[in-house]
Amino acid sequence: MEYSKSAKVFFEPKVERHDPGLYAHKGQAAGVTPSAALAGEARLQFAEQGFLLVKDLISKDELEAARGELEALTTSDRPRCEMIWFEGGLRDHLTLSEKDDGDMDGKSAKSGFTLGQSGEQLPPLDPAFRAGYVRKVMGFIEHNPGLKALATHPRIIQLVTSLIGAPPCLFQEMALIKPPGGREKPWHQDQAYFNLPLDTPVLGIWMPFGSTTPANGCMHVLKGAHRQGPRPHFKRRDWQICDTDVETELRLAVPMEAGDVLFFDGKLPHGTPINETGARRWAVQYHYCPEAAVQVDDAERLNAFGNEGKNVTC
């Protein structure tokens, strides 16, 4: 059956470059084997540090199937997904009025954390060309079996269940692409985006489809900072933690290879720098919470993670 639903399209503005020192790190994260990841010591490490890097968890064949689907999403004239975001650099090739740009409202609606403007049509450009500016894709699980297979992979679900201590529910999926020069995702806590009670275990997994390094925008984390709880988030380059509140001494880079999977707590501050290389960096991210989790409203989340009303300068 032909896919007939149109994806929502977001056009981001150009985002200022971050201070290179913002991702200066004190070391690199060490990984564990899949068998060690299920041991009690690994669970204690996760509780203490807020993340667990598992090496060689997914086979290259499984990754290739998913990557093929993701590449097709970026080039298709009717992508099998709900939403697709384009880097601000694409504006050099489009006619978009800045007066139509909107600010982030900090709400949990599907476009609530988006800078720029949205539309219902893909830009009228060569598909291969515009694909080079795709930054994010969401809502693709039900129409892309290879990408769904990663999210429901028995090894991943086994570890997710172990780490959150309950049967899990997959509640969000996204593909995160950094084209050459692709923008930073500033330091943030994922739970600041979700309308879930603060004591709800939220677990993210992040897996690349190739080598990720500090040069091309690998994950960076603040080791153990999830235990400090919610931090105020602000509307700056993104919905983010203040640059001045990112402790230098806690920063770790998390370089990874295809097949590695990073498991991390929803309150762990993390970010990814600009891609300074000439090749795209491909990754997917899935979020899980207990099946029994309930939703709260925006006000409860914002009261915890804050926004401009916290009276803190940034």
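Within the listed set E41, E173, E276, the residue fluctuating most in the Gaussian network model of the chain (springs between alpha-carbon atoms under 10 angstrom) is E41. Computed from the Cβ-Cβ distance with R0 of 25 Å, the FRET efficiency linking K5 to R237 stands at 0.20. For the range 290-296, backbone phi angles converted through the Karplus equation (6.51, -1.76, 1.60; θ = phi - 60°) give residue-by-residue couplings of x, 4, 7, 4, 10, 8, 10 Hz, Gly and Pro being listed as x.
According to the square roots a ≥ b ≥ c of the eigenvalues of the Cα gyration tensor, what is the shape class of the range 116-254, taking rounded for a/c under 1.5, prolate for a/b larger than b/c otherwise, and oblate for the remainder? Oblate, since a/c reaches 1.5 and b/c is not below a/b. In this simple spin-label model, placing a label point 7 Å from the Cα along the Cα-to-Cβ direction at both R43 and D77 gives a separation of 5.3 nm.
Is the range 1-104 best put as rounded, prolate or oblate by its Cα gyration tensor, with a ≥ b ≥ c the root eigenvalues, rounded for a/c under 1.5, and otherwise prolate when a/b is larger than b/c, oblate when not?
Working: a/c = 2.90, a/b = 1.49, b/c = 1.94.
Oblate.
Rounded to the nearest whole Hz, the Karplus-based 3J(HN,Hα) values (6.51 cos²θ - 1.76 cosθ + 1.60, θ = phi - 60°) of the range 280-288 follow the sequence 6, 9, 10, 7, 10, 9, 10, 10, 10, with x at glycine and proline. For a 30 Å ceiling on Cα separation, which of these pairs sit above it: K99/K267; K107/K185; K8/K99; K14/K148? Beyond 30 Å between Cα atoms: K99/K267; K14/K148. Once both labels are positioned 7 Å from their Cα atoms along Cα-to-Cβ, the gap between F171 and A215 label points is 3.9 nm. Take the Cα of D199, step 7 Å toward its Cβ, do the same at E120, and the gap between the two points is 4.5 nm. Counting only aspartates and glutamates at least 8 places from K26 when in the same chain, those with an alpha carbon closer than 18 Å to its own are E48, D243, D245, E247, E249.
When you restrict to C-alpha pairs under 8 Å that are six or more residues apart and normalise by the size of the chain, the relative contact order lands at 27 percent. Under 14 Å between alpha carbons, and skipping anything fewer than 8 positions from K60 in its own chain: which aspartates and glutamates qualify? Leaving aside aspartates and glutamates fewer than 8 places away in the same chain, those within reach of K60 are E257, D260.
Under the convention that each Lys and Arg Cβ holds +1 and each Asp and Glu Cβ holds -1, the size of the dipole of the chain around its Cα centre is about 260 debye.
Taking a ≥ b ≥ c as the square roots of the eigenvalues of the alpha-carbon gyration tensor, the range 224-290 is classed oblate because a/c is 1.5 or more while a/b is no larger than b/c. With the helix formula -39500 (n - 2.57) applied to DSSP H stretches of n ≥ 4, the chain reaches a computed 222 nm mean residue ellipticity of -5500 deg cm²/dmol. Taking 14 Å as the cut-off, the amide N atoms of the range 14-52 that come nearer than this to a point 7 Å along the Cα-to-beta-carbon line of T248 belong to 20-27.
Exposure proxy shown here: for D105, D238, the number of other Cβ atoms within 10 Å sets the order, fewest to most, as D105, D238.
Here, each number is a calculation from the coordinates, and none is a lab measurement. Being a predicted model, the structure only gives us computed values, none of them experimental. For neighbour counting, all protein chains shown are included, and Cβ atoms are generated from backbone atoms with ideal geometry for every residue, glycine included.
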